[in-house]
Amino acid sequence: MSQKKHILLLTTGGTIASMPGGDGLQPSDSGVFQREMEQLRTYYDITVRELMTLDSSNIRPAEWQLIAQGIWENRQGFDGIVVSHGTDTMGYTASAVTFMLPNIDIPVVFTGSQLPLIDMLSDGPDNLRTAFAMAAAGHNGIFLAFDRKVMLGCRAVKVRASGFSAFESINARYTALVSNAGLSVDEMMLPVHTGQPALRTDISDEVFLLKLTPGISPKIFDALMEMGYKGIVIEAFGLGGINILGEGLGAIRRCLDKGINVVVTSQCLYDSANLGVYQVGVKLLELGVIQGRDMTSEAAMTKLMWAIGQGLDNQQIADLFAQNLAGEVTV
Ligand code: ASP
(Lines give C-alpha, C1' and ligand atoms only; values in the text may rest on other atoms or scores of the structure.)
Protein backbone atom coordinates (compact mmCIF):
# COMPACT_ATOMS: atom_id res chain seq x y z
CA MET A 1 0.00 0.00 0.00
CA SER A 2 1.27 3.47 -0.89
CA GLN A 3 2.57 5.61 1.97
CA LYS A 4 2.47 8.70 -0.22
CA LYS A 5 0.10 11.54 0.60
CA HIS A 6 -2.67 12.01 -1.96
CA ILE A 7 -2.68 15.60 -3.16
CA LEU A 8 -5.18 17.16 -5.55
CA LEU A 9 -4.03 19.92 -7.90
CA LEU A 10 -6.90 22.18 -9.00
CA THR A 11 -5.83 24.38 -11.90
CA THR A 12 -7.36 27.75 -12.77
CA GLY A 13 -4.91 29.29 -15.28
CA GLY A 14 -2.48 32.18 -14.68
CA THR A 15 1.09 32.68 -15.88
CA ILE A 16 2.14 29.33 -14.43
CA ALA A 17 -0.06 27.60 -17.05
CA SER A 18 0.51 30.11 -19.84
CA MET A 19 1.87 29.78 -23.37
CA PRO A 20 2.83 32.59 -25.71
CA GLY A 21 -0.07 33.45 -28.03
CA GLY A 22 -0.41 35.93 -30.91
CA ASP A 23 -1.21 38.75 -28.49
CA GLY A 24 0.75 37.86 -25.38
CA LEU A 25 0.80 35.13 -22.75
CA GLN A 26 -2.45 33.18 -22.40
CA PRO A 27 -3.35 30.42 -19.94
CA SER A 28 -3.46 26.99 -21.53
CA ASP A 29 -4.97 23.76 -20.15
CA SER A 30 -3.70 21.66 -17.25
CA GLY A 31 -1.58 19.55 -19.64
CA VAL A 32 1.27 22.02 -19.06
CA PHE A 33 1.61 20.67 -15.51
CA GLN A 34 2.32 17.14 -16.72
CA ARG A 35 6.12 17.23 -16.76
CA GLU A 36 6.31 18.82 -13.31
CA MET A 37 3.75 16.42 -11.85
CA GLU A 38 5.75 13.45 -13.16
CA GLN A 39 8.69 14.64 -11.04
CA LEU A 40 6.52 15.27 -7.97
CA ARG A 41 4.94 11.81 -8.24
CA THR A 42 8.15 10.49 -6.67
CA TYR A 43 6.88 12.05 -3.44
CA TYR A 44 3.07 12.25 -3.73
CA ASP A 45 0.08 10.54 -5.29
CA ILE A 46 -1.29 13.31 -7.46
CA THR A 47 -4.64 13.93 -9.12
CA VAL A 48 -5.01 16.93 -11.43
CA ARG A 49 -8.38 18.57 -12.12
CA GLU A 50 -8.87 21.63 -14.27
CA LEU A 51 -11.38 24.14 -12.90
CA MET A 52 -10.84 26.92 -15.45
CA THR A 53 -8.13 28.39 -17.68
CA LEU A 54 -8.20 32.12 -16.94
CA ASP A 55 -5.73 34.93 -16.54
CA SER A 56 -6.52 35.96 -12.97
CA SER A 57 -7.43 39.47 -14.16
CA ASN A 58 -10.53 37.75 -15.53
CA ILE A 59 -11.39 36.05 -12.25
CA ARG A 60 -14.48 37.51 -10.55
CA PRO A 61 -16.56 36.59 -7.48
CA ALA A 62 -18.39 33.96 -9.57
CA GLU A 63 -15.06 32.17 -10.07
CA TRP A 64 -14.22 32.47 -6.36
CA GLN A 65 -17.45 30.57 -5.75
CA LEU A 66 -16.47 27.85 -8.26
CA ILE A 67 -13.04 27.50 -6.66
CA ALA A 68 -14.50 27.27 -3.12
CA GLN A 69 -17.03 24.72 -4.36
CA GLY A 70 -14.29 22.72 -6.12
CA ILE A 71 -12.30 22.58 -2.88
CA TRP A 72 -15.38 21.64 -0.84
CA GLU A 73 -16.52 18.86 -3.16
CA ASN A 74 -13.04 17.36 -3.50
CA ARG A 75 -11.83 17.66 0.07
CA GLN A 76 -12.68 14.11 1.09
CA GLY A 77 -10.34 11.49 -0.25
CA PHE A 78 -7.30 13.78 -0.38
CA ASP A 79 -4.71 14.76 2.21
CA GLY A 80 -4.36 18.25 0.79
CA ILE A 81 -5.29 20.49 -2.14
CA VAL A 82 -3.05 22.80 -4.18
CA VAL A 83 -4.77 25.47 -6.28
CA SER A 84 -2.72 26.97 -9.12
CA HIS A 85 -3.80 30.52 -9.92
CA GLY A 86 -2.61 33.69 -11.64
CA THR A 87 -0.67 35.90 -9.28
CA ASP A 88 -2.35 39.20 -10.09
CA THR A 89 -5.54 38.60 -8.11
CA MET A 90 -4.52 35.53 -6.11
CA GLY A 91 -4.53 37.56 -2.86
CA TYR A 92 -8.20 38.43 -3.41
CA THR A 93 -9.15 34.84 -4.28
CA ALA A 94 -7.26 33.34 -1.34
CA SER A 95 -8.97 35.82 1.02
CA ALA A 96 -12.45 35.33 -0.42
CA VAL A 97 -12.11 31.53 -0.35
CA THR A 98 -10.96 31.77 3.28
CA PHE A 99 -14.28 33.38 4.24
CA MET A 100 -16.33 31.06 1.99
CA LEU A 101 -14.86 27.95 3.64
CA PRO A 102 -14.91 28.60 7.42
CA ASN A 103 -13.11 25.92 9.48
CA ILE A 104 -11.98 24.10 6.33
CA ASP A 105 -10.86 20.61 7.33
CA ILE A 106 -8.06 20.08 4.81
CA PRO A 107 -4.87 21.99 3.91
CA VAL A 108 -5.47 24.18 0.83
CA VAL A 109 -2.50 25.99 -0.70
CA PHE A 110 -2.69 28.54 -3.51
CA THR A 111 0.33 29.09 -5.73
CA GLY A 112 1.38 30.40 -9.13
CA SER A 113 4.46 31.80 -10.80
CA GLN A 114 5.93 34.86 -12.44
CA LEU A 115 7.39 32.89 -15.38
CA PRO A 116 5.40 30.19 -17.21
CA LEU A 117 6.18 26.56 -16.40
CA ILE A 118 7.24 26.01 -19.99
CA ASP A 119 10.13 28.46 -19.48
CA MET A 120 13.30 26.64 -18.45
CA LEU A 121 13.96 29.25 -15.75
CA SER A 122 10.40 29.31 -14.37
CA ASP A 123 9.83 29.83 -10.67
CA GLY A 124 6.76 27.58 -11.02
CA PRO A 125 8.46 24.25 -10.11
CA ASP A 126 9.83 25.73 -6.89
CA ASN A 127 6.51 27.32 -5.93
CA LEU A 128 4.61 24.09 -6.67
CA ARG A 129 7.05 22.13 -4.50
CA THR A 130 6.56 24.48 -1.55
CA ALA A 131 2.79 24.33 -2.05
CA PHE A 132 2.77 20.52 -2.23
CA ALA A 133 4.94 20.26 0.89
CA MET A 134 2.53 22.53 2.80
CA ALA A 135 -0.52 20.69 1.43
CA ALA A 136 0.99 17.41 2.69
CA ALA A 137 1.99 18.79 6.10
CA GLY A 138 -1.40 18.19 7.70
CA HIS A 139 -2.34 21.74 8.76
CA ASN A 140 -5.89 22.69 7.82
CA GLY A 141 -6.57 26.15 6.45
CA ILE A 142 -6.25 28.31 3.34
CA PHE A 143 -2.62 29.24 2.60
CA LEU A 144 -0.58 30.79 -0.19
CA ALA A 145 2.90 29.53 -1.06
CA PHE A 146 5.40 31.58 -3.06
CA ASP A 147 9.17 31.88 -3.24
CA ARG A 148 9.73 29.29 -0.46
CA LYS A 149 7.39 31.09 1.94
CA VAL A 150 3.92 30.07 3.09
CA MET A 151 1.43 32.58 4.47
CA LEU A 152 -2.24 32.70 5.42
CA GLY A 153 -4.32 33.32 2.29
CA CYS A 154 -6.09 36.20 4.03
CA ARG A 155 -2.76 37.98 4.75
CA ALA A 156 -1.21 37.62 1.30
CA VAL A 157 -0.58 40.66 -0.89
CA LYS A 158 1.13 40.77 -4.26
CA VAL A 159 3.88 43.34 -3.73
CA ARG A 160 5.97 42.85 -6.88
CA ALA A 161 4.78 42.96 -10.47
CA SER A 162 7.61 40.82 -11.82
CA GLY A 163 10.10 39.87 -9.06
CA PHE A 164 10.08 36.27 -7.88
CA SER A 165 9.42 37.27 -4.27
CA ALA A 166 6.00 38.49 -5.37
CA PHE A 167 3.96 37.88 -2.21
CA GLU A 168 4.33 39.07 1.35
CA SER A 169 2.45 38.16 4.48
CA ILE A 170 1.23 41.54 5.68
CA ASN A 171 1.11 42.27 9.42
CA ALA A 172 1.46 38.59 10.26
CA ARG A 173 4.47 36.27 10.42
CA TYR A 174 4.86 33.64 7.71
CA THR A 175 3.13 30.35 8.48
CA ALA A 176 6.04 28.34 7.12
CA LEU A 177 9.44 28.83 5.54
CA VAL A 178 11.63 26.50 3.52
CA SER A 179 15.23 26.25 4.66
CA ASN A 180 17.94 23.60 4.75
CA ALA A 181 15.88 22.10 7.59
CA GLY A 182 12.98 21.55 5.20
CA LEU A 183 9.55 23.11 5.70
CA SER A 184 9.45 24.75 9.15
CA VAL A 185 5.91 25.54 10.25
CA ASP A 186 5.25 28.26 12.85
CA GLU A 187 2.42 26.62 14.81
CA MET A 188 1.42 30.01 16.27
CA MET A 189 0.53 31.22 12.78
CA LEU A 190 -1.91 28.44 11.93
CA PRO A 191 -5.60 29.39 11.76
CA VAL A 192 -7.67 28.50 14.82
CA HIS A 193 -10.73 26.41 14.01
CA THR A 194 -13.82 27.22 16.03
CA GLY A 195 -16.55 25.01 14.60
CA GLN A 196 -17.65 22.67 11.87
CA PRO A 197 -16.39 23.17 8.31
CA ALA A 198 -18.93 24.80 6.00
CA LEU A 199 -19.37 26.03 2.45
CA ARG A 200 -20.81 29.56 2.43
CA THR A 201 -20.28 31.06 -0.99
CA ASP A 202 -22.96 33.80 -1.11
CA ILE A 203 -21.11 37.02 -1.76
CA SER A 204 -22.02 40.56 -2.82
CA ASP A 205 -20.16 42.40 -5.58
CA GLU A 206 -21.60 45.75 -4.45
CA VAL A 207 -18.55 46.81 -2.42
CA PHE A 208 -16.20 49.58 -3.56
CA LEU A 209 -12.57 50.08 -2.53
CA LEU A 210 -11.79 53.79 -2.41
CA LYS A 211 -8.25 55.11 -2.01
CA LEU A 212 -8.32 58.65 -0.59
CA THR A 213 -6.11 61.24 -2.27
CA PRO A 214 -5.53 64.80 -1.10
CA GLY A 215 -8.35 66.95 -2.49
CA ILE A 216 -10.57 64.05 -3.59
CA SER A 217 -14.14 65.22 -4.23
CA PRO A 218 -16.58 64.09 -1.51
CA LYS A 219 -19.12 63.75 -4.33
CA ILE A 220 -17.57 60.35 -4.96
CA PHE A 221 -19.43 59.04 -1.89
CA ASP A 222 -22.78 60.34 -3.20
CA ALA A 223 -22.02 58.80 -6.59
CA LEU A 224 -21.30 55.41 -4.99
CA MET A 225 -24.53 55.69 -3.01
CA GLU A 226 -26.48 56.43 -6.21
CA MET A 227 -24.85 53.48 -7.94
CA GLY A 228 -26.31 51.20 -5.27
CA TYR A 229 -23.15 50.15 -3.48
CA LYS A 230 -23.86 48.47 -0.15
CA GLY A 231 -20.35 48.69 1.22
CA ILE A 232 -17.33 50.97 0.90
CA VAL A 233 -13.82 50.18 2.10
CA ILE A 234 -11.92 53.45 2.49
CA GLU A 235 -8.14 53.29 2.31
CA ALA A 236 -7.56 56.34 4.48
CA PHE A 237 -4.32 58.20 5.23
CA GLY A 238 -1.79 56.82 7.72
CA LEU A 239 -3.42 55.58 10.91
CA GLY A 240 -6.84 56.17 9.32
CA GLY A 241 -7.30 59.90 8.73
CA ILE A 242 -9.57 61.72 6.31
CA ASN A 243 -9.78 65.41 5.35
CA ILE A 244 -12.29 66.80 7.85
CA LEU A 245 -12.11 70.41 6.65
CA GLY A 246 -14.26 69.85 3.55
CA GLU A 247 -17.53 68.02 2.91
CA GLY A 248 -16.06 64.53 3.31
CA LEU A 249 -17.49 63.76 6.73
CA GLY A 250 -20.98 64.90 5.68
CA ALA A 251 -20.82 62.65 2.60
CA ILE A 252 -19.77 59.64 4.68
CA ARG A 253 -22.57 60.40 7.17
CA ARG A 254 -25.09 60.33 4.29
CA CYS A 255 -23.74 56.90 3.24
CA LEU A 256 -24.04 55.54 6.79
CA ASP A 257 -27.57 56.98 7.16
CA LYS A 258 -28.50 55.12 3.97
CA GLY A 259 -27.34 51.85 5.58
CA ILE A 260 -24.09 51.53 3.62
CA ASN A 261 -21.37 49.71 5.57
CA VAL A 262 -18.17 51.78 5.67
CA VAL A 263 -14.91 50.10 6.68
CA VAL A 264 -11.78 52.24 7.14
CA THR A 265 -8.32 50.77 6.57
CA SER A 266 -4.95 52.41 5.98
CA GLN A 267 -3.34 52.94 2.61
CA CYS A 268 -0.05 52.07 4.31
CA LEU A 269 0.75 48.43 3.69
CA TYR A 270 2.32 47.80 7.08
CA ASP A 271 1.01 48.23 10.64
CA SER A 272 -2.49 48.80 11.85
CA ALA A 273 -4.95 51.65 11.29
CA ASN A 274 -6.04 53.18 14.59
CA LEU A 275 -8.73 55.83 14.24
CA GLY A 276 -8.52 56.79 17.90
CA VAL A 277 -5.19 58.64 17.69
CA TYR A 278 -5.84 61.78 15.61
CA GLN A 279 -8.84 64.12 15.42
CA VAL A 280 -9.06 63.29 11.67
CA GLY A 281 -9.74 59.66 12.65
CA VAL A 282 -11.79 60.20 15.80
CA LYS A 283 -14.34 62.18 13.75
CA LEU A 284 -14.79 59.11 11.55
CA LEU A 285 -15.21 56.84 14.57
CA GLU A 286 -17.87 59.18 15.96
CA LEU A 287 -19.82 58.72 12.73
CA GLY A 288 -19.89 54.98 13.31
CA VAL A 289 -17.53 53.58 10.67
CA ILE A 290 -16.02 50.11 11.11
CA GLN A 291 -12.29 49.88 11.86
CA GLY A 292 -10.33 47.71 9.44
CA ARG A 293 -7.33 47.62 11.83
CA ASP A 294 -4.40 45.71 10.32
CA MET A 295 -6.32 43.88 7.59
CA THR A 296 -5.06 43.98 4.04
CA SER A 297 -7.34 45.78 1.60
CA GLU A 298 -7.88 42.41 -0.09
CA ALA A 299 -9.09 40.87 3.17
CA ALA A 300 -11.21 43.90 4.18
CA MET A 301 -12.88 43.97 0.75
CA THR A 302 -13.62 40.27 0.58
CA LYS A 303 -14.75 40.07 4.22
CA LEU A 304 -17.22 42.91 3.61
CA MET A 305 -18.40 41.41 0.29
CA TRP A 306 -18.92 38.09 2.02
CA ALA A 307 -20.63 39.54 5.11
CA ILE A 308 -23.11 41.47 2.93
CA GLY A 309 -23.63 38.41 0.71
CA GLN A 310 -24.44 36.34 3.80
CA GLY A 311 -27.38 38.69 4.47
CA LEU A 312 -26.02 40.12 7.73
CA ASP A 313 -27.40 43.47 8.95
CA ASN A 314 -25.23 46.48 9.77
CA GLN A 315 -24.77 45.59 13.43
CA GLN A 316 -23.92 41.98 12.61
CA ILE A 317 -21.36 43.17 10.07
CA ALA A 318 -19.80 45.53 12.63
CA ASP A 319 -19.67 42.63 15.10
CA LEU A 320 -18.06 40.38 12.48
CA PHE A 321 -15.33 42.95 11.83
CA ALA A 322 -14.59 43.00 15.56
CA GLN A 323 -13.83 39.26 15.32
CA ASN A 324 -10.82 37.44 13.91
CA LEU A 325 -12.34 34.65 11.79
CA ALA A 326 -9.27 33.05 10.20
CA GLY A 327 -6.20 35.09 11.10
CA GLU A 328 -7.14 38.05 8.87
CA VAL A 329 -7.08 40.69 11.64
CA THR A 330 -5.46 41.39 15.00
CA VAL A 331 -8.19 42.32 17.46
N1 ASP B 1 -1.57 37.93 -15.50
C2 ASP B 1 -1.19 36.74 -14.79
C3 ASP B 1 -2.37 36.28 -13.96
O4 ASP B 1 -2.62 36.83 -12.93
C5 ASP B 1 -0.01 36.99 -13.94
C6 ASP B 1 0.53 35.81 -13.19
O7 ASP B 1 -0.06 34.76 -13.07
O8 ASP B 1 1.67 35.94 -12.66
O9 ASP B 1 -3.07 35.40 -14.38
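The values are calculated or read from the model by the stated rules, or taken from the named source; none is laboratory data. Note that the structure is a prediction, hence the values are computed from the model and not measured. Positions of Cβ are backbone-derived with ideal geometry, glycine not excepted, and every protein chain shown enters the neighbour counts. Just so you know, the surface numbers come from the protein's heavy atoms only, side chains and all, with ligands and any DNA or RNA stripped out. Shrake-Rupley method; radii C 1.70, N 1.55, O 1.52, S 1.80 Å.
Details
- Segment 9-155 gives an Rg/Rh value of 0.93, both radii derived from C-alpha positions and Rh following Kirkwood.
- Given charges at Cβ of Lys, Arg, Asp, Glu: segment 226-331 dipole, positive-most of C255, V233, Q323: C255
- Shape parameters for the chain, alpha-carbon atoms, Rg then Dmax in Å: 20.4, 72
- Exposure ranking of E50, E73 by accessible area [1.4 Å probe, largest first]: E73, E50
- Surface composition of segment 116-180: carbon and sulfur make up 53 percent of the accessible area, probe 1.4 Å.
- Carbon and sulfur %, accessible surface of segment 211-308 computed with the full protein complex present, 1.4 Å: 54 percent
- Restraint check, K230/K283; K158/K258; K258/K303; K219/K303, Cα-Cα greater than 24 Å: K158/K258; K219/K303
- Taking the Cα centre of the chain as reference, the dipole from Cβ charges on Lys and Arg (+1) and Asp and Glu (-1) amounts to some 360 debye.
- Normalised per residue, the accessible area of segment 1-156 is 38 Å², obtained with a 1.4 Å probe and no contribution from ligands, DNA or RNA.
- For E187, the accessible area of its heavy atoms, probed at 1.4 Å with every protein chain present, is near 120 square angstrom.
- For segment 87-194, the Cα gyration tensor yields ellipsoid semi-axes of 21, 16, 12 Å (square root of five times each eigenvalue, largest first, whole Å).
- Within a Gaussian network of the chain (alpha carbon springs, distance under 10 Å), most fluctuating of A198, A181, A136: A181
- Heavy-atom accessible surface of segment 177-307, averaged per residue, reaches 50 Å², computed with a 1.4 Å probe.
- Helix-only mean residue ellipticity at 222 nm for the chain, each DSSP H run of n ≥ 4 adding -39500 (n - 2.57), per residue, nearest 500: -8000 deg cm²/dmol
- Within a Gaussian network of the chain (alpha carbon springs, distance under 10 Å), most fluctuating of L284, L245, L190: L245
- Comparing G138, G21, G70 in a Gaussian network model of the chain, where Cα atoms under 10 Å apart are tied by springs, the biggest mean-square fluctuation is seen for G21.
- Across the accessible surface of segment 45-110, with the other protein chains kept in place and a 1.4 Å probe, carbon and sulfur atoms take up 40 percent.
- Reciprocal mean inverse distance between Cα atoms of segment 1-84 - Kirkwood radius, Å: 13.7 Å
- Here the dipole of segment 205-309 is about 160 debye; that uses its Cα centre as origin and unit charges on the Cβ of Lys and Arg (positive) and Asp and Glu (negative).
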